[in-house]
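Chemist: Here it is: the structure, laid out below.
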Amino acid sequence: MKALKLLGFGLIGYLLGSVSFGRIVGRVVAPGTNMEDTTLAMPGGAELDYRGVSATSVAVKTSPAWGIVTGVLDTGKAYVPTLLTMRRWPDEPFHTAVAVGAIVGHNYPLYHGFNGGRGQTPFYGGMLAMDPIGVPVTNVAGVAIGVGVFREMLASYTLGMWLAIPWFMWRRRTPETLFAVAGNLLFSIRVVPEIKDYLALRRSGEMDAVGTWRDFFSSYPALDPHRDQVPEAPDTTG
């Protein structure tokens, strides 16, 4: 019986997660602009193709401000239902099913041909509801290790998510630990194309290491206020 309830809550999360705020915001602020297939500027002037639709797409193709708005909305579509489920059933793991479902929906949206984002914003939305302190702690630690130890953009960008697993283990919260494992696996599957391109750029020497925090933030579309934003010409190919 509980397994069916978990599936039901997961389905609710999936349907909510399938709402593509990247597309909605894009249509409002840049009508006719194709939000798919975005080119990201990397350290050293290298370019990386991003094939999803998310806050990153909006930040690059419109402005960092609208990218942040999209990120907040994508975070909220996981945060709100996860929080409400936790409060209604505090002794059950249903909230983790909702959060995982929201990530799946964000990555493979039912309403948009199953082409969505990579799952980072709904992951943090779910985690924010489960453990508000854990979000800044794991994020700051992840960027610090990625920049200070590995000097890699990819590590700086993703380590915060992976650190959520030991964080929840340390907090002795098994359902939330399973959520973190599932969220990281879903994210990793979706970023395989970008990881392949990233590693190829690093091997060829076209992409520089991330030496400072400034290097990291200047390569992050939604956090670089000096990035020139020029909306693409409307896609009239149909």
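Laboratory data are not the source of any read-out in this text; all were calculated from the coordinates shown. Remember, predicted model here, so these are calculated numbers, not experimental data. Glycine also receives a Cβ, built like all others from the backbone with ideal geometry; neighbour counts cover every protein chain displayed.
Chemist: Restricting attention to the stretch 163-181, report how many residues are of a type in the set (A, V, I, L, M, F, W, C), in contact with a helix residue (DSSP H, G or I) (Cβ under 7 Å, 6 or more places away or on another chain) and surrounded by fewer than 18 Cβ atoms within 10 Å (Cβ to Cβ). Can you show your working first?
Modeler: So in the stretch 163-181, the residues of a type in the set (A, V, I, L, M, F, W, C) come out as 163-165, 167-170, 178-181.
Checking the rest, the ones that are also in contact with a helix residue (DSSP H, G or I) (Cβ under 7 Å, 6 or more places away or on another chain) come to 163-165, 167-169, 178-181.
This time we only want the ones that are surrounded by fewer than 18 Cβ atoms within 10 Å (Cβ to Cβ), so: 169, 178, 181.
Total satisfying the criteria: 3.
Chemist: Now for a separate question. Out of the residues in the stretch 54-75 meeting the condition of being farther than 17 Å from G125 by Cβ and in contact with a Ser or Thr (Cβ under 7 Å, 6 or more places away or on another chain), tell me which one is surrounded by the fewest Cβ atoms within 10 Å (Cβ to Cβ).
Modeler: The first filter runs over the stretch 54-75 and keeps only residues farther than 17 Å from G125 by Cβ, leaving 57, 59-66.
Within this subset, residues satisfying the condition of being in contact with a Ser or Thr (Cβ under 7 Å, 6 or more places away or on another chain) are 57, 60-61.
Details: S57: 28, V60: 22, K61: 24.
In this case the residue turns out to be V60.
Chemist: Ok, one more. Looking at the stretch 149-167, which of its residues are in contact with a Pro (Cβ under 8 Å, 6 or more places away or on another chain) and in a loop (DSSP other than H, G, I, E, B)? If you could, list the steps in order and put the result at the bottom.
Modeler: Of all residues in the stretch 149-167, those in contact with a Pro (Cβ under 8 Å, 6 or more places away or on another chain) come to 153.
Once the filter is applied, which keeps residues that are in contact with a Pro (Cβ under 8 Å, 6 or more places away or on another chain) and in a loop (DSSP other than H, G, I, E, B), the stretch 149-167 yields nothing.
Chemist: Is it the case that some residue within the stretch 147-159 is of a type outside the set (S, T, N, Q) and within 20 Å of T96 (Cα to Cα)?
Modeler: Looking only at the stretch 147-159, we keep the residues that are of a type outside the set (S, T, N, Q), and these are 147-155, 157, 159.
Applying the additional criterion that residues be within 20 Å of T96 (Cα to Cα) yields none.
No, every residue in the stretch 147-159 fails to be of a type outside the set (S, T, N, Q) and within 20 Å of T96 (Cα to Cα).
Chemist: Can you report the number of residues in the stretch 67-88 which are within 14 Å of the chain's Cα centre (by Cα) and of a type in the set (D, E, K, R)?
Modeler: Quick first cut of the stretch 67-88, residues within 14 Å of the chain's Cα centre (by Cα) only: 67-79.
Filter again for of a type in the set (D, E, K, R), leaving 74, 77.
Residues in the stretch 67-88 being within 14 Å of the chain's Cα centre (by Cα) and of a type in the set (D, E, K, R): 2 in total.
Chemist: Against the conditions (1) in contact with a Leu (Cβ under 8 Å, 6 or more places away or on another chain); (2) of a type in the set (A, V, I, L, M); (3) within 25 Å of S20 (Cα to Cα); (4) surrounded by 20 or more Cβ atoms within 10 Å (Cβ to Cβ), where does I195 fall short? Just the number, please.
Modeler: (4)
Chemist: Restricting to the stretch 168-201, what's the tally of residues that are basic (K, R), in a helix (DSSP H, G or I) and over 13 Å from the mean Cα position of the chain (by Cα)? Spell out how you get there, then give the answer.
Modeler: Of the residues in the stretch 168-201, the ones basic (K, R) are 171-173, 190, 196.
Then drop every residue that is not in a helix (DSSP H, G or I), which leaves 190, 196.
Right, trim to over 13 Å from the mean Cα position of the chain (by Cα) and you get 196.
Counting residues in the stretch 168-201 that are basic (K, R), in a helix (DSSP H, G or I) and over 13 Å from the mean Cα position of the chain (by Cα) gives 1.
Chemist: Quick check on the stretch 115-148: of everything there that is farther than 27 Å from R173 by Cβ and more than 16 Å from the chain's Cα centre (by Cα), which residue is surrounded by the fewest Cβ atoms within 10 Å (Cβ to Cβ)?
Modeler: Our first condition is that a residue be farther than 27 Å from R173 by Cβ; within the stretch 115-148, this holds for 115-116, 147-148.
Then drop every residue that is not more than 16 Å from the chain's Cα centre (by Cα), which leaves 147-148.
Numbers: V147: 23, G148: 13.
Looking at residues that are farther than 27 Å from R173 by Cβ and more than 16 Å from the chain's Cα centre (by Cα), I get G148.
Chemist: Among (1) farther than 29 Å from R203 by Cα; (2) in a helix (DSSP H, G or I); (3) without any contact (Cβ under 8 Å) to a residue 12 or more places away in the chain, where does F114 come up short?
Modeler: If we test F114 against (1) farther than 29 Å from R203 by Cα; (2) in a helix (DSSP H, G or I); (3) without any contact (Cβ under 8 Å) to a residue 12 or more places away in the chain, just (2) comes out false.
Chemist: Taking only pairs six or more apart or across chains, which ones have beta-carbon atoms under 7 Å, a first residue in the stretch 162-181 that is farther than 18 Å from V104 by Cβ, and a second residue that is hydroxyl-bearing (S, T, Y) and in a helix (DSSP H, G or I)?
Modeler: Every condition considered, the pairs that remain are L163/T138; I165/T177; W167/T138; F168/T177; M169/T177.
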